[in-house]
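Some notes on the structure that comes next.
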Amino acid sequence: MVDVADKLAYFQAITGLEDPDLCTEILQAHGWDLELAISSFTSLNQTSASTTTSDSGPRDSINRTESAGSGLVAAPSPGLAWKLVTLPISVISGSLGLISGAAGLGLWVAGGVLSYSLGMIGLGSGRSEESSARLVSVSTAASEAMDFVAAFEREYGTTRPNFVGEGFMDALQRSRNAFKLLFVYLHSPDHPDSPVFCQRTLCSEPVATFVNENFVAWGGSIRASEGFKMSNSLKASRFPFCAVVMPATNQRIALLQQVEGPKSPEEMLMILQRVLEESAPVLVAARLDAEERRNSIRLREEQDAAYRAALEADQARERQRREEQEHLEREAAEAEQKRKEEEEARERAAREAAEKEAARARMRQEKTLSLGDEPAKGPNVTQVLVRFPSGERKERRFYSTATIQSLYDYVDSLGCLEVEDYSLVSNFPRVAYGPEKRTLTLKEAGLHPQASLFVELN
């Protein structure tokens, strides 16, 4: 009999509920009847008429149908009588692909099924035997599968189920990825019914075509290590042996259907068609769920991409705004710096001009003082007329003994010129009184008793 812990674990595995207290309350409310509790949980209107959940051996398709009608009433659609089979560690270790995804694998359906225990078989009764079981490596499992496929094709031809040339766990993962059920055939080479079953039923064109179109097929010889382990796990008591399984959680498989003993092509097709029809809602739901998850992932990726693009655009705008602000601040700083420099230059120029003007004023005053008072008219006094480039005329009397430099001092004291480099020139005859003649007296220079000079800018 299935104990309370197993029922609780199977109820959680099938319904997907994680709260053990809630699952316990649901099971207690239904008298620990797994079928009734699961049917009630899935909100189906049909009630289960059976409370039998004992751990029985594998049944063939005919016994399964009869049992369903005589006391073991399958739950409403998908209506499959499931067994949760725990796989041997030697089979699980043959492929790590399924184990790595076990946390997210789950059952393909969470309701409408009858589950009951099928313990770890084929590994001995003790934990020490389990830990000492020989592990089947990935290469060995695949090699056994490929050897089986090659031998089967040599014996029975190419019209056959397309058994995959890989280990059982890899085949199970392949079926999960393809949203198909896994068709399992365990071959007993020594059984007298095996050749006839393979030739007339399994390799008949209708059965082979149906299996290839609707299932992932895996086959193994019970003489090989993995085939022997699977025959123990599935409790294969009669041969030929076929089964239909799907993956479940915690390294388990859900045994949906097993066929023991010889069957005609028509019987085999009827069994497989019924299993496929009953499991169709499960597979469709799984496919839709996977598609929804893919769409959700794609939507999240698109949203993330849009968010990143918007964020990058915002960051670009912020960078541009910051750069423009920095540019404006630089321009303002440069303009302020230029204004300050220009202002300083103006102030410096004004200061220099003022200093220069003050120096000129002092110079004019000094030269005015050096000239002394203008003498009165007399025989030793020379009358000098000076014409400026502006047309202005200035006239003054000098002693004839005064030098040409006195004339320059006089012009400078007037402040009529903005330049300092100039020459005094007479017209008739034209004589320039440059630096070399400034020591001459007016009389010596021929400017006595009167002279008319004009200022020529150098």
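When you scan region 402-422, do you find a residue that is surrounded by 13 or more Cβ atoms within 10 Å (Cβ to Cβ), touching a strand residue (DSSP E or B) at 6+ places or on another chain (Cβ under 7 Å) and in a strand (DSSP E or B), even just one? Yes, region 402-422 contains a residue that is surrounded by 13 or more Cβ atoms within 10 Å (Cβ to Cβ), touching a strand residue (DSSP E or B) at 6+ places or on another chain (Cβ under 7 Å) and in a strand (DSSP E or B).
The residues of region 355-371 that are more than 18 Å from residue 443 (Cβ to Cβ) and open to solvent by less than 60 Å² (accessible area, probe 1.4 Å), listed by number, are 358, 359, 360, 361, 363, 364, 367. Residues in region 393-418 that are in contact (Cβ under 8 Å) with a residue 12 or more places away in the chain and either acidic (Asp, Glu) or over 21 Å from residue 369 (Cα atoms) (or both): 395, 409, 412. Of all the listed residues (206, 189), the sole one being at pLDDT below 95 and at negative phi is 189. With a requirement of 2 or more residues that are open to solvent by less than 40 Å² (accessible area, probe 1.4 Å), the helices (runs of 4 or more DSSP H) lying completely within region 157-263 that satisfy it span 168-178, 205-214, 225-233.
Taking the listed residues 236, 208, 243, the one that is closer than 30 Å to residue 14 by Cβ, within 46 Å of the chain's Cα centre (by Cα) and not aromatic (Phe, Trp, Tyr) is 243, with no other qualifying. The single condition from (1) closer than 13 Å to residue 388 by Cα; (2) crowded, with 16+ Cβ neighbours inside 10 Å; (3) in contact (Cβ under 8 Å) with a residue 40 or more places away in the chain that residue 457 fails is (2). Scanning region 429-445 for residues that are open to solvent by 60 Å² or more (accessible area, probe 1.4 Å), closer than 17 Å to residue 382 by Cβ and either of a type in the set (Val, Ile, Thr) or without any contact (Cβ under 8 Å) to a residue 12 or more places away in the chain (or both) turns up 439, 444.
Check 272, 276, 311, 283 and return the single one that is open to solvent by less than 10 Å² (accessible area, probe 1.4 Å) and at negative phi. If you could, list the steps in order and put the result at the bottom.
On the way: 276 fails: open to solvent by less than 10 Å² (accessible area, probe 1.4 Å); 311 fails: open to solvent by less than 10 Å² (accessible area, probe 1.4 Å); 283 fails: open to solvent by less than 10 Å² (accessible area, probe 1.4 Å).
Being open to solvent by less than 10 Å² (accessible area, probe 1.4 Å) and at negative phi holds for just one of 272, 276, 311, 283, which is 272.
Take the residues in region 288-315 that are under 16 Å from the mean Cα position of the chain (by Cα) and charged (D, E, K, R), then tell me which one is farthest from residue 177 (Cα to Cα). Among residues in region 288-315 that are under 16 Å from the mean Cα position of the chain (by Cα) and charged (D, E, K, R), the one farthest from residue 177 (Cα to Cα) is 312.
The values are calculated or read from the model by the stated rules, or taken from the named source; none is laboratory data. Small disclaimer: the values here were computed from a predicted structure and weren't measured. We place every Cβ from the backbone using ideal geometry, glycine too, and count neighbours over all the protein chains shown. These accessible areas exclude ligands, DNA and RNA; they are computed on the full protein's heavy atoms, side chains included. Shrake-Rupley method; radii C 1.70, N 1.55, O 1.52, S 1.80 Å.
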